[in-house]
Amino acid sequence: MVNKLKKHISEYFVGNEEIIENVMICLFAGGHILLEGVPGVGKTTLASTVAKSVDCDFGRIQFTPDTLPTDVMGSEIFNMKTGEFEYREGAIMHQIVLADEINRTSPKTQSSLLEAMAEGQTTVCGVKHRLPEPFMVIATQNPVEFMGTYQLPEAQMDRFMMKLNVGYPEENEELRMVRNMLAGKSAETVKSVITSRDVVEIKKTVANITIKDDVIGYARDIADATRNEKRFVLGVSPRAVLALVKASQAKAFLEGRDFVKPDDIKAVAPQVLGHRLSLSPEARIAKENKDKILDYLIRSTKVPY
């Protein structure tokens, strides 16, 4: 079932197979994902294709500087006929939500996603509203150097299980995109290959993947290495360790195993931890590379046998 889903998505999103796999890891691990890249590389197409392939209710929020928190969460409207306030759903009340160009809106509106991403609910006028299951936010952002963008705060970044960079496609991949367009094959024509119920069952299976204490300790040691690294302003949070463990379980599942190996931790650690770290002022002046530092810390952490 999973292989069928991966193959189906790759027919519509032409690009890096590793990106598709990591999106599936987040979906089955119950995490959220942040896609970064220049406009026009297929970030929105990927999110839409995933939602339609798993037959999930799909919602899209096009963030702009004037987007309000109520546009995301919903609001209570007074009904003149009944004389009561009624809840009008916001764009967040869907199973898979595309937060398009999330860094083009204000921090106040960005923060309206925090409760939904962390707790699977949203609170409007003191009333809690549960979000549908499965629930996943796929956010896209343009590089912060672009005009009219806001840097996502650390609390928001920490809610994303993974951050993936979507780059330009290879020559043969770009030619395949053109052929797909000429053949009328686009995200609008995607058919579902599994159901949302299947996704829920897979998530339960992934949550029961065995991971031994020494492998959990390995994940924690990597996190601790980032906290002791002076070139980082702050190390990763305990939430990052939880995300790393969950992602490694989903990685093992995709590999066809019912247990997690240290290699699974290694494979997902750069995508899970990288966006939670920032260089110190001294490291930026020295033009240090954050990804290279993290890679060194992962490789130098003792692997359990």
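All of the numbers you see were taken from the coordinates with simple rules; none came from a lab. What you see is a predicted model; the values in this text were computed from it and never measured. Reconstructed Cβ throughout: ideal geometry from the backbone, glycine too, with neighbour counts over all protein chains shown.
The aspartates and glutamates whose alpha-carbon is closer than 19 Å to the alpha-carbon of Lys230, local same-chain residues fewer than 8 away aside, are Glu154, Asp221, Glu282, Glu288, Asp291, Asp295.
For the chain, the mean residue ellipticity at 222 nm estimated from helices alone is -13000 deg cm²/dmol, where every DSSP H run of n ≥ 4 contributes -39500 (n - 2.57) and the total is divided by all residues, rounded to the nearest 500.
How long are the semi-axes of the equivalent ellipsoid of the stretch 208-300, defined as square roots of 5 times the Cα gyration tensor eigenvalues? Whole Å, largest first.
On the way: eigenvalues 142, 27, 20 Å².
Value: 27, 12, 10 Å, ordered largest first.
What residue among Gly15, Gly217, Gly126 shows peak mean-square fluctuation when the chain is described by a Gaussian network model with Cα springs under 10 Å? Maximum among the listed residues: Gly126. Centre-to-centre separation between the Cα atoms of the stretch 258-305 and those of the stretch 101-173: 22 Å.
Under the convention that each Lys and Arg Cβ holds +1 and each Asp and Glu Cβ holds -1, the size of the dipole of the stretch 208-300 around its Cα centre is about 300 debye. For the chain, the alpha-carbon radius of gyration amounts to 1.03 times the rule-of-thumb value 2.2 N^0.38 Å expected for a compact globular protein. When the Cα positions of Tyr150, Ile222, Leu5 are compared along the charge dipole of the chain, Ile222 comes out farthest toward the positive end, with charges on each C-beta of Lys, Arg, Asp and Glu. Placing pseudo-labels 7 Å out from each Cα toward the beta carbon at Ser10 and Ser106 gives an inter-label distance of 4.5 nm.
How much length, in nm to one decimal, is gained on full extension between Val2 and Glu17, taken as 0.36 nm per residue of separation minus their Cα-Cα distance?
Details: separation 15, 0.36 × 15 = 5.40 nm, distance 1.39 nm.
Gain in length upon complete extension: 4.0 nm.
Given a Förster radius of 22 Å and the C-beta distance between Ser300 and Lys212 as r, what FRET efficiency does 1/(1 + (r/R0)^6) yield to the nearest 0.05? Between Ser300 and Lys212 the formula returns 0.50. Look at the Cα gyration tensor of the stretch 130-260: its axes a ≥ b ≥ c give a/c of at least 1.5 with a/b at or below b/c, and that counts as oblate.
Give the order of Lys251, Lys191, Lys261 when sorted by the count of other beta carbons within 10 angstrom, beginning with the fewest.
On the way: Lys251 26, Lys191 9, Lys261 19.
Listing Lys251, Lys191, Lys261 from fewest to most nearby Cβ atoms yields Lys191, Lys261, Lys251.
For the stretch 2-197, the relative contact order comes to 33 percent (Cα pairs under 8 Å, sequence separation of at least 6). Shape summary of the stretch 119-182, radius of gyration then Dmax from alpha carbon positions: 18.0, 53 Å. Residues His32, His129, ranked from the fewest to the most other C-beta atoms within 10 Å, line up as His129, His32. Each of Phe135, Phe85, Phe78 was scored by other Cβ atoms within 10 Å of its Cβ. Listed from fewest to most, they are Phe78, Phe85, Phe135.
What residue among Leu234, Tyr296, Ala250 has its Cα farthest toward the positive end of the dipole of the stretch 208-300, where the charges are +1 on Lys, Arg and -1 on Asp, Glu, each on the Cβ? With unit charges placed on the Cβ atoms, the residue in question is Leu234. Computed on the stretch 208-300, with alpha-carbon pairs under 8 angstrom and 6+ residues apart, the relative contact order is 33 percent. Projecting the Cα atoms of Leu35, Leu114, Val199 onto the dipole axis of the chain, where Lys and Arg carry +1 and Asp and Glu carry -1 at the beta carbon, places Val199 farthest toward the positive end.
The length gained by stretching the chain between Ile285 and Asp221 to full extension, at 0.36 nm per residue less their Cα-Cα distance, is 20.3 nm.
About its Cα centre, what dipole magnitude does the chain give when the only charges are +1 on Lys and Arg Cβ and -1 on Asp and Glu Cβ, stated in debye to the nearest 20?
440
In this simple spin-label approximation, Phe78 and Leu234 carry label points 7 Å from Cα along the Cα→Cβ vector, and these lie 4.2 nm apart. The lysines within cross-link reach of Lys7, meaning a Cα-to-Cα straight distance under 26 Å and a gap of 8 or more places when in the same chain, are Lys43, Lys52, Lys163, Lys185, Lys191, Lys203, Lys204, Lys246, Lys251, Lys261, Lys266.
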